[in-house]
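The values are calculated or read from the model by the stated rules, or taken from the named source; none is laboratory data. Because the structure is predicted, anything quoted here is derived from the model rather than measured. Because the Cβ atoms are built from the backbone with ideal geometry, glycine has one as well, and the counts that use them run over all protein chains shown.
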Amino acid sequence: MIKSILLPIDGSPYTEAVLDYGDFLAEKFGAILRILTVIDIRLFDWSVATSADSFVPIMPSTEFQEESQRIQNEKAEKVIQKASEILSAKKRTFEIIKVSGIPVDEICQVAKTTDMVIMGIRGEYEKWSGKLLGATTESVTRQIAKPMMLVDKEFKPFEQIYCGYDGTIAANHALEMAAFLAYSLNLPLQVVSVFDSDDEREETLKEAKQYLTPYKIKFDLRHETGDPDETLVNVQNNSPRPSLMVIGGFGHSRLREAILGSTTVHVMRKANKPILLVK
């Protein structure tokens with residue numbers, strides 16, 4: 001089920017962790033790693049960055065644009081070289097992909113031919129960002145159709161899997177992936193359902209139990225009440241050992257999200273990583 005894993009890297013402080021998690025899963029699944037580095041054309045394409053139609057048009061010299069492009073190319077090559085050295089030392093099978101374009105677009109395009117994507121929660125400009133999630137990362141999570149793992153700077157091999165389950169289609173897909181990972185990696189799985197209603201609780205956990213029983217894995221069902229967003233964050237953050245939280249990605253419309261908020265976004269921003277989003 002997982003035979004190819006895409007690792008978009010940009011040389012940020014998250015790059016090494018992305019490579020480590022990719023290596024960890026590639027070893028478990030016998031998967032090939034696809035290392036993607038995108039030269040962001042917005043950094044030197046001044047027709048996009050400033051626009052001749054802007055309020056104050058600024059058109060730098062050709063020499064400046066060429067030098068900007070040269071620096072970006074050189075940086076991309078160094079990132080690729082270091083990543084190659086790390087993975088070669090681990091005797092991992094990998095491919096290198098270097099393209100020029102808009103990072104979000106290129107990542108989503110290459111992801112079409114892979115089974116999973118692993119990205120850092122922020123990119124190379126993280127120190128200037130007040131956000132809890134990088135703009136590129138959040139955009140990719142919304143557009144991508146494949147499972148996507150978000151990781152922090154430190155690699156921690158997970159020993160426990162949690163899955164947020166509420167019976168929705170997105171949550172059902174998350175449960176499928178969580179069961180597959182628990183079975184393949186021989187890890188315990190805990191399904192977390194957050195409902196104030198006893199009837200909803202019983203029905204939802206019954207569904208989860210029915211689905212998981214044939215896998216013959218170690219699992220337990222956990223019922224919580226209260227705010228689903230905060231509950232899932234607390235479950236992950238208070239885990240006694242390194243864990244992976246699997247959740248459905250963006251199960252509601254953007255309008256509902258704007259009014260009531262999104263559990264997916266809240267968990268992505270507040271919970272300890274890694275987190276796996278499944279649609």
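Of the residues making up the range 202-221, those that are surrounded by 17 or more Cβ atoms within 10 Å (Cβ to Cβ) and part of a strand (DSSP E or B) are 219, 221.
Between 88, 84, 51, the distinction of being outside the structural domain of residue 181 (by TED's automatic domain parsing) and modelled with pLDDT under 80 belongs to 51 only. Does residue 253 satisfy the condition of being at pLDDT 95 or above and farther than 21 Å from residue 134 by Cβ? No, not satisfied.
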